[in-house]
There are 2 protein chains.
Amino acid sequence: MRQQEQIKIKNYRSEGFIGKYQKLVRDEVIPYQYSVLCDEAPDTEKSHVVRNFINAGKAVRGEDTGDGFYGMVFQDSDAAKWLEAVAYSLALFPDPELEKTADTLIGYIADAQDKDGYLNTYYTIKDREKRWTNLLEGHELYCSGHMMEAACAYYEATGKRALLDVMLKNAEHIYQHFIVEGNEGYPGHPEVELALMKMYRLTGNQHCLALAEHFINTRGVDPHFYEKEKEKRSWTVWGNDATNAEYQQSGAPVREQKDATGHAVRAVYLYTGMADLAAQTNDAELLGACRRLWESITKRRMYVTGGIGSTVLGEAFSVDYDLPGDTAYAETCASIGLMFFASKMLENEVDSEYSDVMERAFYNTVLAGMQLDGKRFFYVNPLEVIPGISGVSPTHRHDLPQRPKWYACACCPPNVARLLSSFGKYAYGENKDTAFCHLFAAGQVCFDNGMKLTCWTEYPYDFTVTYEVEKGGKLALRIPSFSKHFSITINGKEADYTLKKGYAYMEVQDGDSVMLVLDGAPEFIYASSKVPRLTGCKALQRGPLVYCFEGVDNGEDVLSLSLKKDAKVTASDYQEELLGGTVILSVEAVRQEKIEGLYTNQRPGEEDCKAIAVPYYTWGNRGENQMRVWMNER
Amino acid sequence: MRQQEQIKIKNYRSEGFIGKYQKLVRDEVIPYQYSVLCDEAPDTEKSHVVRNFINAGKAVRGEDTGDGFYGMVFQDSDAAKWLEAVAYSLALFPDPELEKTADTLIGYIADAQDKDGYLNTYYTIKDREKRWTNLLEGHELYCSGHMMEAACAYYEATGKRALLDVMLKNAEHIYQHFIVEGNEGYPGHPEVELALMKMYRLTGNQHCLALAEHFINTRGVDPHFYEKEKEKRSWTVWGNDATNAEYQQSGAPVREQKDATGHAVRAVYLYTGMADLAAQTNDAELLGACRRLWESITKRRMYVTGGIGSTVLGEAFSVDYDLPGDTAYAETCASIGLMFFASKMLENEVDSEYSDVMERAFYNTVLAGMQLDGKRFFYVNPLEVIPGISGVSPTHRHDLPQRPKWYACACCPPNVARLLSSFGKYAYGENKDTAFCHLFAAGQVCFDNGMKLTCWTEYPYDFTVTYEVEKGGKLALRIPSFSKHFSITINGKEADYTLKKGYAYMEVQDGDSVMLVLDGAPEFIYASSKVPRLTGCKALQRGPLVYCFEGVDNGEDVLSLSLKKDAKVTASDYQEELLGGTVILSVEAVRQEKIEGLYTNQRPGEEDCKAIAVPYYTWGNRGENQMRVWMNER
C-alpha cells in the first residue's frame, strides 16, 4: 500500500538554496535550451527537434517533409524533457509568454501525431514501416514516455489538456499494438513504465496501468527476445549487442533480478516504474525485487557522491565494489533516476534509507551536473580529475575536466532542469493525514490533505530548519543519517515525537513553530575495504554535501596531498561571493615533496599544510584543475 | 661509437636461477610450443603455422595449396620466434633431435619463399596481388624481421646457413622493392629495423644496413603516409585508423619524436633499431632522439615492475604519469622490447641507468609473463588484481587473475622463450679489451676478446656475486641502483676500481677471484606524486625483485591491508619448495575492519598484523586471488 506520495507541483513555492536554482533554470536553462531546440543557439550543434515535429506534421498531412528528420533516433525526447521542465517552472513562476511558446510547440507535437495515435518524428518522417520493429534500439517507447511525463506535468501546471489528450491517444495506440494485437516486446530503454504510471494516477486510465504492468511483467521472461527481434529486422541504429540480456535488464523476469546491471539510467528508470507499480498494486513480490535492486545499488555499486554506473563502456553498472573515481561514468541522468527510484521506494515505505540516498544524489552528482551559471553541463561526474590525463588518456577520455556546452545527445541538461523545477515533489510527500518532509527546502507548502507549512532554512549550509505551521496535522520529519544528534522543539519546548525508520513523527497545531536542529559538523567518510583503492582514504562531508579538493585552492597540486589521520577541520563562514555562495573547509594535511623521475627508494619528505575543500557540486567552475574527493590519510 | 656489444650466444653457459629457467624453456616451453605450431596440442586453438609454410611451398611450385592459409596475418612470426628460441636453446643445450625438427621446419620455410625472394605465407597462399599494399596492417616486414632474427640466431648457434640465405634473399627482395624501385613506406609494426641491423652485423651485407637506415629515416617524414596508402588499397585487416600517426610512431621523423607513443611493443622495437643504428653509424642526432624517448618511457611512462603501455586501448602508451595498476596493459612483449632497447642503449653508452631498467623489466614483468611451470602465459601484467572485478568488469576484462594457456595471437609466449634462452646476451657485453657484466647470472662466459669468467651467485635471492677469472683483462661490473652500498674484493683484498656511470671498472688477472657484495636489504619504493593514486603508497623491493601481496598469504583479503609507516620487514630464509624457490617478506601492517555497506562516518577499526609478500614474478601461481603491488601506508 502506498504510504504517502509526492505533493502536487503547484503546492510548493520555493525559497532559499533551491529557489535560487529554480530561478536559474527559469532564467538561463529553459531559454537557452529552447534556443538549442530551435537551432538558434550560437556555436551549438544543430538540434532540429522543433523542425522534426513540424516536418512530421507535414508527413501526417501527406505533404512534402521539407528538410526532413535530423538528429538521434530519440531526438523527440529533448522537446519532451524541455516541456516538462517548462511545466514545472510555470507552476512555480507563471509566465504567459513562455506558456505561449510551449503551447505552440505542443501544437506542432499534436500535428505530428499520426491518425492512429502513433507519435515519433523519426519514424513518421523517415519510414513508417520501421515502427515497432526495433524495440532494442528504436526508442519509440522512450520518447512516448518522456512526452507522457511532459503531458502530465503540463496538465498539472496549466490545466491544459491538449498534450495530455495527445498522449492518452498515443497510450491507446501502444495498448492496441502490445495488448490487443499481442505483439511481443518491451522497451530497450525503459522509461515508459514510470510515465504510464504517472498517466494512470493523473487520469485513472486503466489501459495505462495495464501497459505499465505488461512491460514490467513481460520483461526478461524470454531473455532471448531482443535476439529474436534482431533476426526479424534488417536495420539497426547502433548495432547494439542483442545477446547481452543482462545489459538490457532482461536476463531474467524483473521479479527475479538480484543485481543492478546494464545501462545505469535505463536500470533506475525501470526500477522506478517497478516501485511505483508495486505501491499501486500492493505487489509485495515486486517490492521485494525493488528492495534487492536498491540494495545492489546503494550497498555495493554507488559512489559516495550518489553517482551510479561505474563504466563508460555502455554507460553502465559494472560489478560489485568496482567504483574507480578517475574513470567513473556516474552520469548525471543516472543520479536523477536514482532520485526517482528513491522517491518511489519512499512511497512504498517511509524510511530515511531512501531519502538519505536521494539527498546524496541530489546535492552532489545532480547539482555537479550543471555549471553554477546554468550554461554548461557534465554528463560524466568523476571523483578524481587530473588535467593531462582526464579527458586525454584513452581510458579517461569521457572524464572531462570542464563542463562542455551542449551535447548532440542532450539528455542530461533538460533532465537537470526538470528535476530542479520539480524539487518540491521529492522534498515533500503526503497522505491523508500526514505531511512528510523528506528533504529540507525553504518555502511554502500546501498539502492536498489541508496542512500548510512554511519552511525557513539556509540548508544545506545551515542545519536549523524551522516549520511555521499554518494548518496543522501530523508532521513527519526526516532525520538524516549524517546528523549524529538532533533536537526538535515546538514553540521552544522539546517536541513530543516518535522516531521510526529515520523519521520523527509528531502532531502539530495551527500556529506552531517547529524547529529541527541537525548536526552538520564536518565529518570524514570512510569506505568499505571491499572497494579497491579506498582503504586508508577518507572523504569529507558537511551535512549532505560531499566536499572535494581542487587545484585552484591547493597550489595547483592536489595529488601530493594527504589528510592527517586526526585532522582538525575548520569551516569558513558562509561566503556569499564564492562559488555562488558556499562554506569552504580547511583540513590539516601533509604535502609530499617532489622527486626526480618516477620512483625512489628514499622516502620523499613531507610538509605540514592546510588542504582546502569546496563542495563537490561546485567543482570545475574556476577553470581546468585537479580535483579529488577521496584523499589519502596520513 | 659502439662502446661494447652483446656477447655471442655460444659464449655463455648458464647456471643457477637463469639456468633453471633456460632448462624450463628447453623442457617445457619449446616442445609445447612446437606442438601448438603443429596443431598437436590438446585444448588449444589451431595454429596451422607449419601447414601454412607447407601450403605456401605448394603455391610457389604452382600446386594446389590444400587447406590453404589459417590464422592471423602475422602467423608466420610464431614459427620465427619459436625457431629463434630453439636456436638459442641449442647453443646452450645441443640436441640433435630438436635441431633436426628445426631443420625440417626451415626446409618448409625455404620452400615457401617465392622465386623473387618474397616470403610470407598469408600473401603467397591467399593473394600475391596484395603484397606490399598495406604496410599499416599487413605485417610483411614484421614477419620478415622475426625470421631474420631467427636466421641470425640459428646460424650463430648451429653454423647452418640455410635460413640465413633465405633471409638474405628476402632482404634483397625488400631492398629491390623499397630502395631500387623506390616504393614508399615503412612497417606498421616496426621490427625489421632491429632485425636488419642483426643481419648486417652478422653478415656485413650493406643492403641490410641501408634498408634499416631507410625505414628509420623515412618514418614520419610524411605523417600522412598511411592515410595515402589506405586510399590506394581496397582491403583491410582490422580497419586500423590510418590517421592516427602518433599511434603509428609516424607523426614526425623519428629524430624529432619526443614522447613514447602508440603501441608499446612497436615503439620499443623501433627504438631498439634506432639505438642500434645510432651506435653503428655514430649518429649523435639519432642517439639524442633515443635518449629522449628513453626518458619519456623510464621517467614518465613506466610501471615500477618495468611494465610499459598503460592502456589496453591499442595496447599502447597513454600520457605522462598515467600508470593505473588495476587496468594496466603492461604487455610482456613490451617489457621484452624495453630490454632490447636498454641493451642497445648500453652499446651506445655504458650507464647503469639502462641496465637497471633492463633488470627491472626482466625480473618482474617478463618473468611474471610465464607461469612457473612454463605452461601458461600472461600478455597483460597488472599491478593489482581483484577477483570479481579483474577480468570481469568491462574496463578490467584484459586484466586476468590467472594465466591463460595459449592465445590465438601467440606473441608473448615465444617471445619469453627466446628472451630467456638468450639471457646471456643481455647479461654480458664486451669490447676489444673489456668484459661487461650488466646483469648477474651464474655460469661460464668466454668473451671473443679472450677473457673468460665463471660467475657464482644465487642472485636474485643472494647478493654476493663471485667471478673466477680464467683469462683476465678489464672487467666492468654494474652496481645496481637498489644497492645502497657495496664492496668489491679481489682475492679477498679491497679492489682497486674506478666507478663511472654505475659501473666499477678494474683490471683482473688470470686466476683472480672477484667478489662483489651488494646490499639487497628489502626496501620500500615510493612514487612521484605526479602519478595519480600513489601518494601515500609504497611498494616493496628486495634486490631487483619487486614484491606483491597475494590473497593466499594474507587471509584472502589484501584490500583491507595497509603497511605501517615505519614497518619492519623480515625476510624468510630461501624456501626451496615455495614458488619454485623464493624468499618471502613479512611486513608490519594494519588491517581495516569490515563495515556494513559501502560508506560510514565512523572510522573503521584497525588491527595490527603481518602482511606477507612474494616476488611479483611468482604471482598467480597458486590459484585465483587478490594481488597488489602498491600498498597504502598507514
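The values are calculated or read from the model by the stated rules, or taken from the named source; none is laboratory data. These figures come from a predicted structure and were not determined experimentally. Every residue, glycine among them, receives a Cβ derived from its backbone with ideal geometry; neighbour counts consider all protein chains shown. These area figures cover heavy atoms from the full protein model, side chains too; ligands, DNA and RNA do not enter into them. Shrake-Rupley method; radii C 1.70, N 1.55, O 1.52, S 1.80 Å.
Before moving on, here are some points about what is shown:
- Helix A:332-348 and the long axis of chain A differ in direction by around 80°, with both axes built from C-alpha atoms.
- Amide N of region B:42-59 lying under 14 Å from the label point, which is placed 7 angstrom from the Cα of residue B:116 along Cα→Cβ: none
- Förster radius 22 Å - calculated FRET efficiency between residue B:566 and residue A:610 (Cβ-Cβ, nearest 0.05): 0.30
- Debye equation applied to the C-alpha atoms of region B:523-632, log10 I(q)/I(0) at 0.15 Å⁻¹: -0.67
- Here the simple spin-label model places points 7 Å from the Cα toward Cβ, and for residue B:624 and residue A:100 these points are separated by 6.6 nm.
- When both region B:207-276 and region B:399-453 are represented by their alpha-carbon centers, they are found 27 Å apart.
- Residue A:500 paired with residue A:596, simple spin-label distance in nm, labels 7 Å along Cα-to-beta-carbon: 7.1
- Average accessible surface for region A:523-632: 34 Å² per residue, computed with a 1.4 Å probe over protein heavy atoms with every protein chain in place.
- Taking amide hydrogens as placed 1.01 Å from N in the peptide plane, the amide H of residue A:370 sits under 5 Å from those of A:378, each at least 5 positions away in sequence or on another chain.
- Values of log10 I(q)/I(0), in the order q = 0.07, 0.12 Å⁻¹, for chain A under a Debye, Cα-only, solvent-free model: -0.43, -1.29
- The residues of region A:532-565 occluded by other protein chains by 40 Å² or more of accessible area, set against the chain on its own, are A:532, A:533, A:535, A:559, A:565; surface from heavy atoms, 1.4 Å probe.
- A Förster radius of 22 Å, combined with the Cβ-Cβ distance separating residue B:128 from residue B:228, puts the computed FRET efficiency at roughly 0.45.
- Rounded, prolate or oblate (a/c below 1.5 giving rounded, otherwise prolate when a/b exceeds b/c) for region A:296-395 by Cα gyration tensor: oblate
- C-alpha long axis of helix A:49-60 to longest principal axis of chain A, angle in °: 10
- Prolate/oblate/rounded call for region B:414-462, Cα gyration tensor, a/c under 1.5 rounded: oblate
- Interface of A with B. Using a 1.4 Å probe and counting protein heavy atoms only, the two chains hide about 5200 Å² of accessible surface, both sides summed.
- Residues of region A:303-352 buried by at least 40 Å² on assembly (accessible area, 1.4 Å probe, chain alone as reference): A:313, A:319, A:322
- Carbon and sulfur %, accessible surface of chain B computed with the full protein complex present, 1.4 Å: 48
- In summary, the lysines within cross-link reach of residue B:375, defined as a Cα separation below 27 angstrom excluding same-chain residues under 8 places away, comprise B:10, B:20, B:23, B:46, B:81, B:100, B:405, B:425.
- Sequence-distant residues sharing a close amide H with residue B:519 (under 5 Å, placed H): B:484, B:485
- Using θ = phi - 60° and Karplus 6.51 cos²θ - 1.76 cosθ + 1.60, couplings along region B:356-368 (whole Hz; Gly, Pro as x): 4, 5, 4, 5, 4, 5, 5, 6, 10, 5, 5, 5, 5
- Between region B:21-61 and region A:540-564, the alpha-carbon centres lie 57 Å apart.
- Helix-only [θ]222 nm of chain B, DSSP H runs n ≥ 4, -39500 (n - 2.57) each, per residue, nearest 500: -10500 deg cm²/dmol
- The eigenvalues of the Cα gyration tensor, multiplied by 5 and square-rooted, give the protein assembly as shown an equivalent ellipsoid with semi-axes of 63, 38, 25 Å from largest to smallest.
- Region A:451-518: Lys pairs at Cα distance under 17 angstrom, eight or more positions apart or on different chains: 6
- Three-way shape label, region B:29-182, alpha-carbon gyration tensor, a/c 1.5: oblate
- Full extension of the segment from residue A:484 to residue A:181, taken as 0.36 nm per residue of separation minus the current Cα-Cα distance, would add 103.4 nm.
- Each residue of region B:161-169 was assigned a 3J(HN,Hα) from its phi angle through the Karplus curve 6.51 cos²θ - 1.76 cosθ + 1.60 (θ = phi - 60°); the sequence is 9, 3, 5, 4, 5, 4, 7, 5, 5 Hz, with glycine and proline shown as x.
- Chain B, relative contact order [Cα under 8 Å, separation at least 6], %: 13
- On a per residue basis, region B:5-427 carries 30 Å² of accessible surface, using protein heavy atoms and a 1.4 Å probe.
- With Cα atoms defining each centre, region B:350-372 and region B:132-197 are spaced 27 Å apart in the structure.
- Annotation for residue A:184, label-to-label distances across the other copies: 5.4 nm (shortest first, one decimal, point 7 Å from Cα along Cα→Cβ).
- Over region B:451-518, the alpha carbon radius of gyration divided by the compact-protein estimate 2.2 N^0.38 Å works out to 1.03.
- Helix axis angle, B:264-281 relative to chain B longest principal axis, alpha carbon, degrees: 70
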